[in-house]
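This report concerns only the one structure given below.
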Amino acid sequence: MSSKTNAPAATGAQTDQLAGGSVPIVTQASAWQHALAQASEAARRGFHVFPLGRGKLPAIRSPHREDPPGTPPCRGECGRPGHGVHDATSDLDAVARLFSQAPHATGYGIACGRGPEPLIGIDLDRKNGVDGVEELQRLARVHGFTVPRTITVCTPSGGFHLWFTGPAGVKVPNSAGRLAPGVDVRGTAGYLVGPGSMTPAGTYDLHPGLDELTVYPIPAPLLRLILPPPPAPRPVTGRRGAARLGRRMLGLIRTVLEAHQGERNGRLFWAACKAFEAAQNGDADAAAVERALVEAALAVGLDEREARATIASAQRTAGRGAA
C-alpha cells in the first residue's frame with residue numbers, strides 16, 4: 001500500500017448509504033453474503049480481514065477453548081481457524097474459507113499493524129457525556145497538528161473510526177482512553193470493524209462527507225503521543241560513533257542499545273524521530289545520526305535492511321512533523 005491507501009470500495013448497500021439511503025432489513029443469509037462481499041473487497045485492496053459476529057467479536061470459536069490450564073497461547077501457529085485477529089488475511093481464497101466456517105457472521109474485522117504501511121485506527125466515542133471528537137481536536141491544538149480528512153467510518157453509537165497508516169516495523173500499542181477521554185487506539189494485534197458490517201445497534205458506514213477514499217499517514221505529533229516514551233537511559237559507553245553526536249544524541253543511541261527483543265523497532269523509530277528533528281534544527285548532522293542509529297540497531301540484533309527502513313520512515317515522519 002502507498003502512503004495514500006485506497007479504502008474498500010463503496011459498493012452495493014454502501015453506495016446507497018453514501019447517497020443518503022439506508023440498509024434494508026436483511027436475513028441472516030443475506031447479511032453473511034454482504035459481509036463476505038465487503039470483506040473480500042477490502043482484501044482485494046490489501047487489507048487483512050476476518051469474520052465478525054453480531055457482537056463485533058470473532059465469529060469462529062477458538063479451537064483451544066478446551067485446552068488444559070497452562071497451555072501456551074496460540075496465535076494461529078496450529079494452522080486451524082479461530083484465533084480472531086490472528087486469522088486475518090488478504091488472500092481471497094483464505095477469506096472465503098474463513099467465512100465458510102462462520103455461518104453467523106454479519107461483519108468483518110480489519111487487522112491493524114500489518115504490512116509495510118500498517119493500519120492504525122483512532123476510535124472516537126461520543127456517548128455517556130464523552131466526546132472523543134472534541135478531545136482529538138483539543139490534542140491537535142495543543143500539540144500543533146492537523147487531522148487530515150482520512151477514511152472515516154461512522155459507528156452506530158454516533159462515534160467515528162479514523163484510519164491512518166503508520167511506519168513499518170513499529171509496534172503501536174492498543175489503548176482505551178489513555179490519550180484522552182473517548183479516544184481509543186487500535187494498533188498492533190488490534191482491529192477495526194469494517195464498513196458495511198451489521199450489528200444489532202446498526203451498521204458501520206463510510207462517512208458520507210468524504211471527498212475521496214484515501215487513508216493518510218498518521219500525523220507525526222499524534223504518533224509520538226501514542227508511542228510510549230522509553231525509560232530513562234542508563235549510562236552506556238564504548239559504542240562506536242555515538243560520541244560524534246553530542247550528549248543529547250548519545251542519550252537517544254542509548255535508548256536503542258538498551259532495547260529488549262520486541263521493543264527494538266519501536267525504540268529505534270522513536271529515537272530516530274527525535275534525532276532527525278534535532279538535525280533539522282541544526283543540532284546534529286543527519287548523516288552522522290543515520291550512521292550511529294544503524295550501528296546501534298545492529299548492536300542489538302536488528303537486520304540492517306529492516307533498521308534502515310525504520311530509520312528512513314522516521315526521517316520522513318520527522319520531516320512531516322516539521323512542515
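The values are calculated or read from the model by the stated rules, or taken from the named source; none is laboratory data. Model, not experiment: these values are computed from the prediction. Glycine gets a Cβ as well: all are built from the backbone with ideal geometry, and neighbour counts include every protein chain shown. Side chains are part of the model used for accessible areas, which takes the heavy atoms of the whole protein and leaves out ligands, DNA and RNA. Shrake-Rupley method; radii C 1.70, N 1.55, O 1.52, S 1.80 Å.
General observations
- Just one of the listed residues (Thr152, Thr106) is open to solvent by less than 10 Å² (accessible area, probe 1.4 Å), more than 26 Å from Ala307 (Cβ to Cβ) and touching a Leu at 6+ places or on another chain (Cβ under 8 Å), and it is Thr106.
- The test for being buried (at least 20 other Cβ atoms within 10 Å of the Cβ), among the small types (Gly, Ala, Ser) and farther than 21 Å from Val95 by Cβ holds for Gly132.
- Matching residues, segment 75-103, being surrounded by 13 or more Cβ atoms within 10 Å (Cβ to Cβ) and part of a loop (DSSP other than H, G, I, E, B): Gly76, Arg80, Pro81, Gly82, His83, Ala88, Ser90, Gln101, Ala102
- Among the residues of segment 127-140, those that are touching a Gly at 6+ places or on another chain (Cβ under 8 Å) and at pLDDT below 95 comprise Lys127, Val130.
- Among the conditions (1) under 29 Å from Arg54 (Cβ atoms); (2) part of a helix (DSSP H, G or I), the only one that Pro221 does not satisfy is (1).
- Condition met for Ser157 (in contact with a Lys or Arg (Cβ under 8 Å, 6 or more places away or on another chain) and open to solvent by 20 Å² or more (accessible area, probe 1.4 Å)): yes
- For Asp205, the conditions (1) surrounded by fewer than 17 Cβ atoms within 10 Å (Cβ to Cβ); (2) at pLDDT 80 or above; (3) acidic (Asp, Glu) all hold with the exception of (1).
- Filter pass, Arg114 being assigned to a helix (DSSP H, G or I) and either hydroxyl-bearing (Ser, Thr, Tyr) or open to solvent by 10 Å² or more (accessible area, probe 1.4 Å) (or both): no
- Exclusive hit being in contact with a helix residue (DSSP H, G or I) (Cβ under 7 Å, 6 or more places away or on another chain) and not β-branched (Val, Ile, Thr), set Leu57, Leu92, Leu119: Leu92
- Ser40, sole failed condition from (1) more than 22 Å from the chain's Cα centre (by Cα); (2) of a type in the set (Gly, Ala, Ser); (3) in a helix (DSSP H, G or I): (1)
- Considering only residues in segment 17-51 that are modelled with pLDDT under 55 and closer than 27 Å to Cys112 by Cα, the one that is least open to solvent (accessible area, probe 1.4 Å) turns out to be Gln17.
- Scope segment 160-199; condition in contact with a Ser or Thr (Cβ under 8 Å, 6 or more places away or on another chain), more than 23 Å from His83 (Cα to Cα) and surrounded by fewer than 21 Cβ atoms within 10 Å (Cβ to Cβ); matching residues: Phe160, Ala168
- Selection within segment 45-87 - out of contact with any Gly (no Cβ under 7 Å at 6 or more places or on another chain) and aliphatic (A, V, I, L, M): Leu57
- Ser3 vs. criteria among the polar types (S, T, N, Q), modelled with pLDDT under 85 and open to solvent by 50 Å² or more (accessible area, probe 1.4 Å): yes
- Of the candidates Pro63, Pro72, the single residue that is over 24 Å from Ile218 (Cβ atoms), open to solvent by less than 40 Å² (accessible area, probe 1.4 Å), at pLDDT 85 or above and part of a loop (DSSP other than H, G, I, E, B) is Pro63.
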